[in-house]
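What follows is a single structure, written as structure tokens, with notes after it.
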Amino acid sequence: MTDPYRISLMDEKGVRRALARMAREIVEQNEGTSDLVLMGIHRRGDDLAALLQGEIERAESHRVPLGSLDITLYRDDLAAIGPRPIVGESSLPPGGIDDRVVVLVDDVLFTGRTVRAALNELMDWGRPARILLCVLADRGGRELPVQPDVVGKKVGNLEPRQHLEVLVPALDGRLGVDVVTNAPEAA
């Protein structure tokens, strides 16, 4: 049965093609893989960072170190989450982030607030030489002056009751990007 409120924007093949291109762009912008680390923003950014790591390793025969960020305690809407937020684990890549090029990986870029929180957390851990922002989908609508360096797909003109949902096999059973429309509220 199809869901009238969900439209596939990218299927698995489309996401894999985008990730392969994004991996090449990351390596090109860094002029190779030296001093490069990937940091996925928890939850789906972690999975995307691991997929990018695999793409870079296939293309460059070099395994780029991988870490992850849980930005829960760095959010600017922490009070709205409730008195007991669920905090996941953040982990630095082997060798840390000091003087390295950190590629911050997230699923969807919208307002820029998640990226701001991730940057704050990264700065608490060290001083990277450079930070690149890599997102699978950019839907526009920024509230903060944040722009991605590497984008899988730019999406525009979504209605206020629509959002992008990135699906990863470990959490959702498949790889893809969907546009989800919230059902209209009953009058």
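In the chain the longest region clear of GluC sites (Glu not before Pro) that are loop-assigned by DSSP and have at most 10 other C-beta atoms within 10 Å covers 32-88. Label-to-label distance for Ile7 and Glu31 is 4.4 nm, based on points extended 7 Å past Cα in the beta-carbon direction. For region 12-158, the mean projected area of the C-alpha convex hull, equal to one quarter of the hull surface, is 9.0 nm². The long axis of helix 113-125 is offset from the longest Cα principal axis of the chain by roughly 30 degrees. Taking label points 7 Å from Cα along the Cα-to-Cβ direction, Arg174 and Glu89 give a separation of 3.1 nm. When the inverse distances between all different Cα atoms of region 95-165 are averaged and flipped, the Kirkwood radius reads 12.9 angstrom. Listed by Cβ neighbour count within 10 Å, with the fewest neighbours leading, His163, His42 appear as His163, His42.
Distance from the C-alpha centroid of region 28-67 to that of region 139-163: 22 Å, rounded to the whole angstrom.
Within the chain, the longest segment free of exposed loop sites, counting trypsin sites (Lys or Arg not before Pro) that fall outside DSSP classes H, G, I, E and B and have at most 14 other Cβ atoms within 10 Å, spans 64-160.
The numbers here are math on the coordinates, done by the rules we state, and not lab data. Keep in mind the model is a prediction, meaning the values are calculated, not measured. Please note: Cβ atoms are built from the backbone with ideal geometry, for glycine as well, and neighbour counts cover all protein chains shown.
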